[in-house]
Each structure stands twice: as C-alpha cells, then as structure tokens.
Amino acid sequence: MTVEAVDLSFTYGERMILNHVSFMIPDRSITTVLGPNGAGKTTLLKILLGFEKMDGGEVLYDGKNLHSIPSKQFWNSIGYVPQARQSIFPLTVEETVLTGRTGHLSMFEKPGRKDYAICEEAMHKAGISHLKNRSCATLSGGELQLVHIARALAGKPRILVLDEPETGLDFENQLMVLHLLQQLNQEDGLTILYNTHYPDHALDFSDHTILFMGEGKIVHGSGKQVLTKENMEHAFHVSVEIFTGFNRHAVIPVGKDQK
C-alpha cells in the first residue's frame, strides 16, 4: 500500500510545521521520519493517520483520499504503535495482543479460535510467545514495545506506523525492534513508517527518509540522498561527522553550529 501526501500544510499557532509539502511513501518500503525536537515528526504521523486535521492538501492511500475510506476498512489496513509506556492495566500479554482483533469483530462478538490463532502468530513473529501469560505491568520497556507491535500485527495490517519505536530502549532492545521491522517488511511485505531520533538507524534500516529542514520544509528520498552532512547540519544546527564501518553508519554531533 502506498501513502502519498499532496501539498500538505499545517500550522501550530503561528508556527509553520508543514508548508505545501508533498511526498510518496513507496509500497513495501521502510520509511523513517527525522528532525529536531518540535519539528513536527509526530504531527506528520497524526496527519497521515487522520488524527490531526491539516490546513490544506490531502493524504492518499493507494490513490484514495484518506477521508473517503470507511473508518473500519482504513483501520483494518493500518497498524499503529504508539510510544511504549509502562502498562498500569493488569492484562496479560495474550489479552493485550488479542485487543488488536477488535476491528475485525462485530460489537458484541467474542474472539474465536481464528482470532486466538492469529494472536499466537503475532506473538511468535514478535518473539514474545514465552511472555503470553505475563502481566504487561511486569514487563520491561523493550518487552512492552514488542507487545505493542504484536498487538498491531494481530489486526493483519498492510501498513505499520510506529511513533519512536526505539526511544528509551537499550542497544539490545533497539536492535531487536529494528530487526523485527526489517523482517516484517521483507518477509510479510508490510509497509513500515516510523519516526526516530537516530539518523544512523535511518541510514542502516530504511529505504526511504523524510527529513524536516525547518520553516515547514522537508527533503525526502533514500537515506543516502537525504542524510548528507550538509542536510543534517542544516536541520539540526550542529556540525556532524558520518562514519561507516562494519556495514553500519555512525552519525556523531561534533559541535554546535555557529552559523
């Protein structure tokens, strides 16, 4: 499923977040959204999902206007994973993942054998089958993030949208989440869209990147096209150096931009 933004505009108070912005998120791609704090990364995701009303422009899914798609049909195609928060509800992992089937059930319908089988598959893909009977309130941040992803997968989406899925996680859990997203993209053909604070993750794990440049402008394209030294210094107002080794990139801020 492709996602296309056409001439999007959005202001927050007197601040221009998006100024006649257009881009395409290719089908079966991994697309990352980067920019400094407050640039509008989460706002852009909310606009693409219909949570936030744009000032102008339109969002198209496979060429159809977002607002012309029936809500149930739309949300059965989209898996949304918010930032992981420590759960305060005493639901088990299995019970939480099962809530991802809600959109496929009628109002008073109970989950059946098929729904439980789909949830088992989602937990297996996320690598959390061994946690199925654990209370979510007892999980680590990394484990809880995988539960949120499994919950989204239980809805059988075509697109997975994630809000900063690796933020707050240690190195091992960051890689666990990123490798899972790669696997879902390559093996299941999911289109993946997520925002991040890590330019090196965009370079190493994505096909397509959207970078906020300030004043409502963006640049987009492949990571290597977009995440140049010049673009990142302009976007983040710091001097950076980019290092490559062991088939990975490291983007290091080396000084405050004095320009």
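Can you confirm whether the stretch 6-29 contains a residue that is closer than 24 Å to residue 188 by Cβ, among the charged types (D, E, K, R) and within 16 Å of the chain's Cα centre (by Cα)? Taking every residue of the stretch 6-29 in turn, at least one turns out to be closer than 24 Å to residue 188 by Cβ, among the charged types (D, E, K, R) and within 16 Å of the chain's Cα centre (by Cα). Among the conditions (1) more than 30 Å from residue 102 (Cβ to Cβ); (2) crowded, with 19+ Cβ neighbours inside 10 Å; (3) in contact with a helix residue (DSSP H, G or I) (Cβ under 9 Å, 6 or more places away or on another chain); (4) not hydrophobic (A, V, I, L, M, F, W, C), the only one that residue 216 does not satisfy is (3). Mind counting the residues in the stretch 123-143 that are without any contact (Cβ under 8 Å) to a residue 24 or more places away in the chain and among the hydroxyl-bearing types (Ser, Thr, Tyr)? Matching residues across the stretch 123-143 total 2. Is the stretch 132-147 home to any residue that is surrounded by 15 or more Cβ atoms within 10 Å (Cβ to Cβ), among the charged types (D, E, K, R) and under 20 Å from the mean Cα position of the chain (by Cα)? Checking the stretch 132-147: at least one residue is surrounded by 15 or more Cβ atoms within 10 Å (Cβ to Cβ), among the charged types (D, E, K, R) and under 20 Å from the mean Cα position of the chain (by Cα). Of all residues in the stretch 229-246 being in contact (Cβ under 8 Å) with a residue 12 or more places away in the chain, of a type outside the set (Phe, Trp, Tyr) and not in a strand (DSSP E or B), which is surrounded by the fewest Cβ atoms within 10 Å (Cβ to Cβ)? Ranking the candidates gives 229 first.
Selection within the stretch 43-72: residues that are part of a loop (DSSP other than H, G, I, E, B) and on the phi > 0 side of the Ramachandran plot. The member of this set that is surrounded by the fewest Cβ atoms within 10 Å (Cβ to Cβ) is 63. Taking the criterion of being charged (D, E, K, R), under 13 Å from the mean Cα position of the chain (by Cα) and under 23 Å from residue 102 (Cβ atoms), the only residue of the stretch 159-204 that qualifies is 163. Looking only at the stretch 1-27, count how many residues are under 20 Å from residue 60 (Cα atoms) and part of a loop (DSSP other than H, G, I, E, B). Qualifying residue count, the stretch 1-27: 4. Within the stretch 124-141, one or more residues are in contact with a Pro (Cβ under 7 Å, 6 or more places away or on another chain) and hydrophobic (A, V, I, L, M, F, W, C).
Just so you know, all these numbers are worked out from the coordinates, no wet-lab data involved. Note that the coordinates shown come from a computational prediction; the quantities given were computed from them, not determined experimentally. Reconstructed Cβ throughout: ideal geometry from the backbone, glycine too, with neighbour counts over all protein chains shown.
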